[in-house]
């Protein structure tokens, strides 16, 4: 059984704001959402900027009590609500079992930070365990299911920066195989000092600007956000009169276990993930590549090698951009956010820009797009490559 899978709802929250309209408007305009960090004192780190969602504190709940709920739950529920309302399945998933498939690196890490600080200040015996109520990575999924009276089950992926794409791929394959007709999938992560300090220790943060694929690139910018997609078996969506936004056509994954943090230089495993996704989608013509494009020296070179290895002679002609240059690296949420942006690129027939790309790197000989350009995009490849050699690729298509 290999059923066709379509997309009927999307939600997105990034440093550009919450909602697909503001996100697309600012993405295609090439606006930078990377600003000075305000949620903690970043003055002692090599970088002081990141992609925070300014102005977002909490969302409203119908069924949850917001006491002790982490920012991650608020962000996830808010973003999922946009996707669920657009798809029109809010009432359907109360009775019809559906899959919830989510990726995250941090879960409720902000709650963990609070508990850690209180432990240091007061001692372990006096720190409030209630601060950890929403700490573990599965808690946010449970909260989302309770808020929307979700009748199905859930799966959580915490596979570094490939997590969001892994979650989409699992949802796609679950529908194809007949395990379910509906899947709500995506990823999320919040800005957190623990993580910021970790990337600072790795010397991976850019002290200046995030410049993916640029010769002078010197590191990434961290961000926060969430991306949610509602996937459905095509016949199910058509049968209920749903508006179809696009098609989830292919997924590939591969692991190389080369190093805990460094990418495998040749890109062999990343190329295998791309090839598997391309084959899975029926070997379509790729019109645009939303690159993993972190802006670190080794990642961008590796990704270039992987794209060329997987797609051959045509690789240098395909428009490529990295939207991380505008909203930062959202870790476990990156693949899902970029899948939503990829779908919007298809719908608006526009290739998003790569901010701060000024000096081409001979070692990254791809067709990097500096400014948004109109293009008849029908098929997009979205890459996600994470620590530990976790590689994933998703292919989205125009629905015809």
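Bear in mind that the values in this text are calculations on the coordinates, not laboratory data. Just so you know, these numbers come straight off a predicted model, no measurement behind them. Heads up, the Cβs are rebuilt from the backbone with ideal geometry, glycines too, and the neighbour counts pull from every protein chain shown.
Semi-axes of the equivalent ellipsoid of segment 5-386: what are they in whole Å, largest first, if each equals the square root of 5 times a C-alpha gyration tensor eigenvalue? Working shown, then result.
Values: eigenvalues 175, 150, 64 Å².
Here the semi-axes work out to 30, 27, 18 Å.
Dividing the convex hull volume of the alpha carbon atoms of segment 355-395 by its residue count, what do you get in Å³ per residue? Display every interim value, and only then the final one.
Numbers: hull volume 4.5 nm³, N = 41.
Convex hull of Cα atoms, per residue: 110 Å³.
Calculate how large, on average over all directions, the projected area of the Cα convex hull of segment 1-121 is; give the answer in nm² to one decimal.
Values: hull surface 45.8 nm².
So the mean shadow area of the Cα hull is 11.5 nm².
Just to verify a number: FRET efficiency for residue 240 and residue 85, C-beta to C-beta distance, R0 = 22 Å, to 0.05? List each step's numbers first, then the result.
Details: r = 15 Å, r/R0 = 0.67.
Taking R0 as 22 Å, the efficiency between residue 240 and residue 85 is 0.90.
Whole number please: convex hull volume per residue, Cα atoms of segment 161-266, in Å³. Can you show the working numbers first?
Working: hull volume 16.8 nm³, N = 106.
Considering the Cα atoms of segment 161-266, their hull volume per residue is 159 Å³.
Considering only DSSP beta bridges where both residues belong to segment 145-239, give the percentage that are antiparallel (nearest 5). Walk me through the intermediate numbers first.
Details: 8 of 9 bridges.
Counting DSSP beta bridges with both partners in segment 145-239, the antiparallel share is about 90 percent.
Over the chain, what is the percentage of antiparallel beta bridges among all DSSP beta bridges, to the nearest 5?
65 percent
If the elastic network links every pair of Cα atoms under 10 Å, which of 64, 132, 344 fluctuates the most in the Gaussian network model of the chain?
Looking only at 64, 132, 344, the biggest GNM fluctuation is shown by 64.
Please report, to two decimal places, log10 I(q)/I(0) for segment 282-382 at q = 0.18, 0.21 Å⁻¹ as given by the Debye formula with identical point scatterers on the Cα atoms and no solvent.
Normalising to I(0) and taking log10 leaves -0.82, -1.15.
What nm distance separates the two modelled labels at residue 285 and residue 128, each placed 7 Å from Cα along Cα→Cβ?
Between residue 285 and residue 128, the label points sit 6.0 nm apart.
Counting other beta carbons within 10 Å of each residue's own, what order do 266, 322, 384, 111 fall into, fewest first?
Details: 266 15, 322 30, 384 33, 111 24.
Listed from fewest to most nearby Cβ atoms, that is 266, 111, 322, 384.
If you find the alpha carbon centre of segment 205-245 and of segment 1-55, how far apart are they in angstrom?
What the calculation gives is 9 Å, centre to centre.
Mind telling me which of 336, 372, 141 comes out most flexible in a GNM of the chain, alpha-carbon contacts under 10 Å?
372
As an exercise, use a Förster radius of 22 Å and the Cβ-Cβ distance of residue 197 and residue 142 to find the FRET efficiency, rounded to the nearest 0.05. Please report the intermediate quantities before stating the final value.
Details: r = 28 Å, r/R0 = 1.28.
Working from the Cβ atoms, E equals 0.20.
Tell me what the chain gives for mean residue ellipticity at 222 nm when only DSSP H runs of n ≥ 4 count, each as -39,500 (n - 2.57), the sum divided by the residue total, rounded to 500 deg cm²/dmol. Please report the intermediate quantities before stating the final value.
Values: 11 runs with 125 residues, N = 400.
So the helix-based figure for the chain works out to -9500 deg cm²/dmol.
Tally the DSSP beta bridges in segment 246-382 and give the antiparallel ones as a percent, rounded to 5.
20 percent
Would you please classify the overall shape of segment 110-219 from the alpha carbon gyration tensor, given that a ≥ b ≥ c denote the square roots of the eigenvalues, rounded means a/c under 1.5, and beyond that prolate means a/b larger than b/c while oblate covers the rest?
On the way: a/c = 3.44, a/b = 1.14, b/c = 3.02.
Oblate shape, in that a/c is at least 1.5 and b/c is the bigger or equal ratio.
Over segment 117-248, calculate the relative contact order: mean separation of alpha carbon pairs under 8 Å at least 6 apart, over the residue count, as a percent.
Numbers: 117 pairs, mean separation 24.5, N = 132.
Over segment 117-248, the number comes to 19 percent.
Using 0.36 nm times the number of residues separating residue 60 and residue 314, minus their current alpha carbon distance, what extension gain do you get? The partial results should precede the final answer.
On the way: separation 254, 0.36 × 254 = 91.44 nm, distance 4.77 nm.
86.7 nm is the gain from fully extending residue 60 to residue 314.
I'd like the distance separating the alpha-carbon centroids of segment 355-371 and segment 115-174, in whole Å.
37 Å
Any idea what the relative contact order of the chain is, in percent, if you count C-alpha pairs under 8 Å spaced at least 6 apart?
24 percent
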